[in-house]
Ligand SMILES: Nc1nc2c(ncn2[C@@H]2O[C@H](COP(=O)(O)OP(=O)(O)OP(=O)(O)O)[C@@H](O)[C@H]2O)c(=O)[nH]1
Ligand SMILES: [Mg+2]
């Protein structure tokens, strides 16, 4: 049986478990009817956008006193009639209230189905719908700012700004091709070529923001490396603000790789503590610790190379540091050199370092956090324009495809003087379709399913 896309769907919108309050929502053509039935009221007795106290019931009797809020389709978040019932947050009440709505004609919503309805009714485009997920998941200031700006249409308007001139050029070429006898000024080849390059450039630039934008969603992997006893685990604890890793005067304390999420000056990050590099191996566990440290370094976005400031730097230290710097330079990974233990008299030679800290006293730790954000985005506040930052692999891939089509179109102009307009028009259509995948019109069912199924239930 085909299910109408506006059938009423219901779900618990608050997190699973017990809380002070919980929200059960129902959306779709029959939402008001289902809610009114559960509340034992006429539909007209639920005034639009006005909270009203009501008693929810099922066949067994009273369930709870709830606050009902009816959003008519014209201005509701889903673009359909939507009723939200706020109840006491016991798991039993939530489940029974949901069951009552299902018995009154709604069906259980799939994950992300409320947001999918908002997309289908044109309330949100696809990039904005994805931002809803990011806004819920974003746990730091910059991740939140980026998701909010995308939800408010920051990325969508940038994409629209790129789309306009591509469409304009395509329209001109198609008019020349379709109506050769009419008086449409043909586009000189040199002008077409330079316009195409000018169109591709900002698309590629926006795609490149993914380098930093990815981190706003996925988190920055920061690997703390250095010689044994350099103060790596102490630095991890100082950055976290709590004692997560064992710290000990004995070298070789940390063997395993230890990971912990952290808010680094607003950036979401995962801090990774590792075994000391070049530690004299006392057996297979030390060997494995070292191999894991090296793998963790390779998998990181940024390395903090900790150098013990209270000890002279010896040849073995220097060669271990050099290996970290060389491997990171080869992988394009930034390294921040951190001089540790600044509360003790300095004995390390005047090697250049980026930041000096005392994990013991907490000195320099906030500066280090800011430096990480700065290295990443070239701005103390992280990436400069979060709204115009690409944070999804899907958007990045679509922009790269669009830029490649525009560059290919520019090449066609020079390569195929006889039929460049047709070839160019084909590339421009592909370029437009790539942009439309970002905001939705050209996204296939599989893409849509992939996006909405990642949402939590009730969203
Ligand atoms: N005075 C002072 N001592 C520190 C500071 N940071 C670390 N230490 C001391 O240095 C020793 C080693 O610290 P850890 O943080 O365990 O060093 P690590 O680099 O993790 O050592 P391994 O795991 O063994 O490689 C401990 O005795 C710490 O108390 C600091 O800022 N000041
Ligand atoms: Mg350690």
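The values are calculated or read from the model by the stated rules, or taken from the named source; none is laboratory data. Note that the coordinates shown come from a computational prediction; the quantities given were computed from them, not determined experimentally. Positions of Cβ are backbone-derived with ideal geometry, glycine not excepted, and every protein chain shown enters the neighbour counts.
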Residue list for segment 258-284, restricted to those being buried (at least 17 other Cβ atoms within 10 Å of the Cβ) and within 13 Å of ligand 1 (Cβ to nearest atom): 258, 271, 272, 273, 274, 275, 276, 277, 279
Selection within segment 78-110 - part of a strand (DSSP E or B) and in contact (Cβ under 8 Å) with a residue 60 or more places away in the chain: 84, 85, 86, 87, 88, 107, 108
All positions within segment 270-320 that are away from ligand 2 (no atom under 16 Å from the Cβ) and in contact with a strand residue (DSSP E or B) (Cβ under 6 Å, 6 or more places away or on another chain): 270, 300, 301, 302, 309
Single match in 354, 343 (criterion: within 11 Å of residue 307 (Cβ to Cβ) and at pLDDT 85 or above): 354
Which listed residue, of 359, 296, 349, is at pLDDT below 95 and assigned by TED's automatic domain parsing to the domain that holds residue 254: 349
Failed condition for residue 204, given (1) crowded, with 20+ Cβ neighbours inside 10 Å; (2) within 30 Å of residue 138 (Cβ to Cβ); (3) not assigned by TED's automatic domain parsing to the domain that holds residue 373: (1)
Identity of the residue in segment 219-243, more than 11 Å from ligand 1 (Cβ to nearest atom) and free of Cβ contacts under 8 Å to residues at least 60 places away in the same chain, that ends up surrounded by the most Cβ atoms within 10 Å (Cβ to Cβ): 219
Filter pass, residue 159 being within 16 Å of ligand 1 (Cβ to nearest atom) and out of contact with any strand residue (DSSP E or B) (no Cβ under 6 Å at 6 or more places or on another chain): no
